[in-house]
Amino acid sequence: MRDLLSHVRGPFTALGLGTALIVCVLDQASKLWLLYGFDLADRGRVALARVVELVLVRNYGISYGWFQWLGGSALWALLVLTLVAVVFLLTWLARAGSRLSGVALGLIVGGAIGNAIDRLTQGGAVIDFIRLHATIGGVDRDWYVFNLADAAIVAGVVGLLYESVRPDRAAKVP
């Protein structure tokens, strides 16, 4: 048992796991409130700013709606892929060498778990609700519809990329 714990425990593991928990809870709370408290499905589009709206989208695919045509049949494949990714990221977290890496990995893990919970509880779909768009030449153009888990994943990836190119870290990257 002690050997197993040594593989999952590092100096920034608690920070990363705490970050993952916060992201997952905020993601799920926002989705539950928008679905059942705010009743976004009945309200339709709700403008927050000129280029930002709340809108309910059930995404059965992955990022940008890719592979939507697979529908619910991809549920188990996507959940297994998520589980493998989370195990890999937790192993990486145990070896993280900085606070930034710990937080970034926690953001990604928390977002992945938040979206996996959606797939299990929403019939294979991930609930997306933040729509970014712009009107160009009189035509409304969508950029992306996403949720807090997606934003956390992107922020985590940006954090890892930033750390990998920092001048003081570049010599230490294998």
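Taken together, the values in this text are just the output of simple stated rules run on the coordinates, not laboratory data. These numbers come from a predicted model, not from an experiment. Neighbour counts run over all protein chains shown; Cβ positions are idealised from the backbone, glycine included.
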Where only C-alpha atoms are counted, convex hull volume of region 99-147 per residue in Å³: 85
Approximate shape of region 11-66 as ellipsoid semi-axes (Cα gyration tensor, √5λ), whole Å, largest first: 28, 15, 12
Surrounding net charge for V126, when Lys and Arg each add one and Asp and Glu each subtract one, Cβ distance under 15 Å: 0
Volume of the Cα convex hull of region 79-174, divided per residue and given in Å³: 130
Kirkwood-type radius of region 9-151, with distances r between different C-alpha atoms, in Å: 16.2
Net charge of neighbours whose Cβ lies under 13 Å from the Cβ of Y144, counting Lys and Arg as +1 and Asp and Glu as -1: -2
Net charge of neighbours whose Cβ lies under 13 Å from the Cβ of L93, counting Lys and Arg as +1 and Asp and Glu as -1: +3
